[in-house]
């Protein structure tokens, strides 16, 4: 069912766990859907992905079944057949939204068998979506590097509340630059930006040498409520400052008309992704 449209792919990435990566991915997908875009949310935290748990989904198929059938049929599958729909029909003033989800494997051991070329092909076959949101795990793995290559935008999330987290955030950013991702492609997002801490976001900006693209406020009660209810924040806590901030983040991406028109922001050609990420690794460690 691949069309001529080229999806805008946004990777939600972090170098540490507990930074709100999955919450960011879910609510970014919900906000983009609310804006009227066709959205697919792909859980590529293959071992410990939480999207289906957070949204209380029961997928019939996962990326593991998609890969199995892809190999058995020599690539003759439709990626849409392996997606699960999240839909919220609202009867109040909140909007109704629908977006698709590709679930991670049910069994941890299946995660080790997922092949990079198959995931690349599945994403290319889903190019009829306006936006594809990738929830990646916190590692510079072969799969993540390939996905970052395919991405139009790298939404790099961090909580910079104490020195080790600042160090990890900087190392992650420096590594992205060493892997030759354009700075214009990387969007720095500070999570829990207004929480009490000894280190300010401005200090982190000076250390990194780059401004935060967006700051998400801290709101644990609203996030916990959303997770308990299995709903995005726009329904669980519509008046939360965090909910409004996710809406603003989504609109920052959709406001870039040149991005919408060209679907390019420094992304490498998809056909060359395998060579691209391998070359980057070779250049960093042996160049």
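The table below gives the values:
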{"item": "Condition met for residue 253 (more than 19 Å from the chain's Cα centre (by Cα), assigned to a helix (DSSP H, G or I), under 23 Å from residue 130 (Cβ atoms) and at pLDDT 90 or above)", "result": "no"}
{"item": "Members of region 146-162 that are over 23 Å from residue 246 (Cβ atoms) and surrounded by 20 or more Cβ atoms within 10 Å (Cβ to Cβ)", "result": "146, 149, 150"}
{"item": "Tally, over region 176-200, of residues that are in contact (Cβ under 8 Å) with a residue 40 or more places away in the chain, assigned to a helix (DSSP H, G or I) and surrounded by fewer than 17 Cβ atoms within 10 Å (Cβ to Cβ)", "result": "2"}
{"item": "Failed condition for residue 61, given (1) out of contact with any helix residue (DSSP H, G or I) (no Cβ under 6 Å at 6 or more places or on another chain); (2) touching a residue at least 12 places away in the same chain (Cβ under 8 Å); (3) assigned to a loop (DSSP other than H, G, I, E, B); (4) within 29 Å of residue 95 (Cα to Cα)", "result": "(1)"}
{"item": "Some residue of region 81-104 being more than 18 Å from residue 139 (Cα to Cα) and in a helix (DSSP H, G or I)", "result": "yes"}
{"item": "So residue 129, is it buried (at least 19 other Cβ atoms within 10 Å of the Cβ), assigned to a loop (DSSP other than H, G, I, E, B) and touching a strand residue (DSSP E or B) at 6+ places or on another chain (Cβ under 9 Å)", "result": "yes"}
{"item": "Residue 165 being assigned to a helix (DSSP H, G or I), surrounded by fewer than 17 Cβ atoms within 10 Å (Cβ to Cβ) and in contact (Cβ under 8 Å) with a residue 60 or more places away in the chain", "result": "no"}
{"item": "Exclusive hit being more than 16 Å from the chain's Cα centre (by Cα), surrounded by fewer than 19 Cβ atoms within 10 Å (Cβ to Cβ) and closer than 28 Å to residue 102 by Cα, set 205, 229", "result": "229"}
{"item": "Scope region 64-75; condition outside any helix (DSSP H, G or I) and touching a helix residue (DSSP H, G or I) at 6+ places or on another chain (Cβ under 8 Å); matching residues", "result": "75"}
{"item": "Residue 155 being assigned to a loop (DSSP other than H, G, I, E, B) and under 25 Å from residue 36 (Cβ atoms)", "result": "no"}
{"item": "Residue check for residue 140: touching a strand residue (DSSP E or B) at 6+ places or on another chain (Cβ under 6 Å), in a loop (DSSP other than H, G, I, E, B) and over 20 Å from residue 215 (Cα atoms)", "result": "no"}
{"item": "Evaluation of residue 249 against (1) closer than 19 Å to residue 136 by Cα; (2) surrounded by fewer than 16 Cβ atoms within 10 Å (Cβ to Cβ); (3) touching a residue at least 12 places away in the same chain (Cβ under 8 Å) (one fails), failing number", "result": "(2)"}
{"item": "Boolean, residue 118 is in contact (Cβ under 8 Å) with a residue 40 or more places away in the chain, surrounded by 14 or more Cβ atoms within 10 Å (Cβ to Cβ), within 15 Å of the chain's Cα centre (by Cα) and closer than 21 Å to residue 7 by Cα", "result": "no"}
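Quick grid of which residues meet (1) at negative phi; (2) over 20 Å from the mean Cα position of the chain (by Cα); (3) touching a residue at least 60 places away in the same chain (Cβ under 8 Å):
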{"site": "8", "(1), (2), (3)": "yes, no, yes"}
{"site": "29", "(1), (2), (3)": "yes, no, yes"}
{"site": "33", "(1), (2), (3)": "yes, no, yes"}
{"site": "47", "(1), (2), (3)": "yes, no, yes"}
{"site": "53", "(1), (2), (3)": "yes, no, no"}
{"site": "72", "(1), (2), (3)": "yes, yes, no"}
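The values are calculated or read from the model by the stated rules, or taken from the named source; none is laboratory data. Just so you know, these numbers come straight off a predicted model, no measurement behind them. All Cβ positions, even for glycine, are placed from backbone atoms using ideal geometry, and neighbour counts span all protein chains on display.
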